[in-house]
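Notes follow once the structure below has been shown.
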């Protein structure tokens, strides 16, 4: 038995990734969970419009962090701002009536806003509260768009990395390298099935989600398709990158999970970004799922226009070009063709 | 038209994998690359398969389309059937449907894989899988066929079938380069390159290799008291550099296994 224990320790010591999973991951998870796992929203980003904006802004309790006070603004200005998700609450104060519009797509902030508004209503009898985009404040309405992204990540990163590593393990990557196929043929041929399956999965998740859980789909299918396409490039690129540094399928799964877990926890899919401590929140802002989530929720719940989602779409495009480009370069290197060996390799015809 | 390498050197990281290697093959010729583990055989065939860049020297190869290559791990996709594996190679070479079907039938018949054509490659025996690997390398009727240890782990019957296939391929005009650790097998080749630690031990046709070894190989009944000795079955062999007879023993016309063993010992003075 002692020999077995010693042998096992020796193997574990040499398996750096498992070692990292066992020692580093618990610490990372503890720290991340400690700072990120919070549903409490302390401040509610608020804009106040209308003739009585100044007066209303003055009497609002501190919970409402008033970002904009504009007496020239109206309901339309409020709606535009809410569609861009720049504030959680927009109050339009006209002479006889004060209307509060809450962005229901920012679930936890919206719940906090509703509670705080109910208290504030005692000081403003004419206050009318309307919850937009997700009137029932349903959790499923907020989760389903993000889940679509999670499916894309799962298929794009985990399944793709397994598929590519399988070639290496079976020794067939070498066979592909010597065949008269261009690296781009191999690369596109390799990821095309995963691309199609992931796209189909996304459609199924969204159709079933909207049908089964009554999740609204208010916006343009095309904007969501564009965002999904760019996000898919990111996830497929991640899958190929993971495979390029993994020698077997076990290693690929480990590494793919390491890229998946932070995205699930820190993208705002479960815990609202605004509730996270600043120290870990910035991590959320470099993760691709964060921006897919913004696009999907924006399109499905808030009917956001292309211009409203320009920032997350642009970031997905930048991440897509960077990660996918890197993946193409790594894949070409992995194929290891010596065709460009210059004068030392005389290739005839 | 000849293919091959001249003065080939390959350095991987800080390790010299090959140094000063020459090998020339022409249509219809079978060349065997022999050597022990780590001798550099796989590195050489990977250069011929365009998988490794030479660090120095010259490499002459036909166009990629005309090189058939089989990696040591057979190169077949385990979750595709025999026919699907062959069909994929044919499609990658853009063979027409009719030509591909005809060629696949030819290769299935030549390798005896007809009855297994619908079986997954993962369900084939080691010998059948190697035959499939060779058949895949032959699909596009290559001018140069490069095989990395095609007979390793293959039973004697399958080995002789593979040899028939290689001889037929060479007879049809292809140049064949294969690696092997079975020294007896290399006697079937027209040209032998024996590697030792990344350098050439001996090179040439089997007869010229026999002539190139100075001294004499002896069969001895008992274990000789010499550093230049090795065991063959129940007997011992001894090599003497000047041809002088040992204390006991009879002269022997060495086969390739004895020749290459003697050459290795002669160079390194190793004890076996």
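Readers should treat all values here as calculations from the given coordinates under stated rules, not as data from a laboratory. None of the values given here were measured: they were computed from a predicted structure. In this analysis, Cβ positions are derived from the backbone assuming ideal geometry, glycine residues included, and neighbour counts consider all displayed protein chains.
Taking the Kirkwood radius as the inverse of the mean 1/r across Cα pairs, report the Rg/Rh of segment A:33-151.
1.00
Please compute, for peptide A:163-175, the average count of beta-carbon atoms on other protein chains lying within 10 Å of each residue's beta-carbon.
Average neighbour count from other chains, rounded to a whole number: 5.
Using a Debye calculation, one point per C-alpha and no hydration shell, please list log10 I(q)/I(0) for chain B at q = 0.08, 0.14, 0.15 Å⁻¹ in order.
-0.37, -0.98, -1.07
On a 0 to 90 degree scale, rounded to 10, what angle separates helix B:82-92 from the longest Cα axis of chain B?
Result, in degrees: 80.
Note down the Stokes-Einstein diffusion coefficient of segment B:172-272 in µm²/s, whole number, using a Kirkwood radius over alpha carbon pairs, 20 °C, and 1.002 mPa s.
149 µm²/s
Rank these for me by crowding, A:220, A:307, going from fewest to most other beta carbons within 10 Å.
Result, fewest neighbours first: A:307, A:220.
What FRET efficiency, computed as 1/(1 + (r/R0)^6) with R0 = 25 Å and r the Cβ-Cβ distance, is obtained for residue A:220 and residue A:80, rounded to the nearest 0.05?
About 0.95, to the nearest 0.05.
So if we plug the beta-carbon distance of residue A:322 and residue B:248 into 1/(1 + (r/R0)^6) with R0 = 56 Å, what FRET efficiency do we get, rounded to 0.05?
Once the sixth-power term is evaluated, E becomes 0.15.
With everything on Cα atoms, drop me the angle between helix A:221-244 and the longest principal axis of chain A, reported from 0 to 90° to the nearest 10.
The two axes meet at around 40 degrees.
For segment A:153-185 and segment B:107-125, what is the separation of their C-alpha centers, rounded to whole Å?
Here the two parts' Cα centres lie 24 Å apart.
Compute the FRET efficiency between residue B:91 and residue A:204 as 1/(1 + (r/R0)^6), taking r as their Cβ-Cβ distance and R0 = 41 Å, and round to the nearest 0.05.
Taking R0 as 41 Å, the efficiency between residue B:91 and residue A:204 is 0.85.
How far, in degrees from 0 to 90, does helix B:156-171 lean away from the longest principal axis of the Cα atoms of chain B, to the nearest 10?
Between helix and principal axis, roughly 70 degrees.
Going by how many other Cβ atoms sit within 10 Å of their own, how do A:16, B:93 line up, fewest first?
Going from least to most buried by this count: A:16, B:93.
Tell me, in nm to one decimal, what length is gained between residue A:29 and residue A:307 on full extension, where the rule is 0.36 nm per residue of separation less the Cα-Cα distance?
96.4 nm
Taking chain B as a Gaussian network, Cα atoms linked when under 10 Å apart, which of B:148, B:255, B:222 shows the biggest mean-square fluctuation?
B:222
Can you compute the modelled spin-label distance between residue A:123 and residue B:226, with each label point 7 Å from Cα toward Cβ, in nm?
Each label point lies 7 Å from its Cα, and together they span 10.9 nm.
How large is the helix-only mean residue ellipticity at 222 nm for the protein assembly as shown, computed as the sum of -39500 (n - 2.57) over DSSP H runs with n ≥ 4, divided by its residue count, in deg cm²/dmol to the nearest 500?
Result for the protein assembly as shown: -15500 deg cm²/dmol, rounded to the nearest 500.
Whole Å is fine, so just give me how far the alpha carbon centre of segment A:21-92 lies from that of segment B:1-67.
67 Å
Output needed for segment B:1-156: three equivalent-ellipsoid semi-axes, defined as square roots of 5 times the C-alpha gyration tensor eigenvalues, in descending order, whole Å.
Semi-axes, largest first: 29, 18, 13 Å.
Write down Rg/Rh for segment B:69-129, rounded to two decimals, with Rg from the C-alpha atoms and Rh from the Kirkwood relation over Cα pairs.
0.95
Arrange the following residues from fewest to most other Cβ atoms within 10 Å of their Cβ: A:49, B:228.
B:228, A:49
Mean-square fluctuation check for chain A, GNM, Cα pairs under 10 Å: which of A:263, A:297, A:11 is largest?
Highest fluctuation among the options: A:11.
For chain A, taking Cα atoms only, what is the radius of gyration to one decimal and the Dmax to the nearest whole Å?
Reported Rg and Dmax, both Å: 25.0, 89.
Rounded to a whole number of µm²/s, how large is the Stokes-Einstein D of segment A:208-268 at 20 °C and 1.002 mPa s, given Rh as the Kirkwood radius over C-alpha pairs?
153 µm²/s
Average partner chain C-beta neighbours within 10 Å, per residue of B:66-78?
5
Once both labels are modelled 7 Å past Cα along the beta-carbon direction, what's the residue A:139-residue B:171 spacing in nm?
7.6 nm
Considering all projection directions equally, how large on average is the shadow of the alpha-carbon convex hull of the protein assembly as shown, in square nanometres?
38.3 nm²
For segment B:207-248, what's the radius of gyration and Dmax over Cα atoms, in angstrom?
Reported Rg and Dmax, both Å: 10.6, 30.
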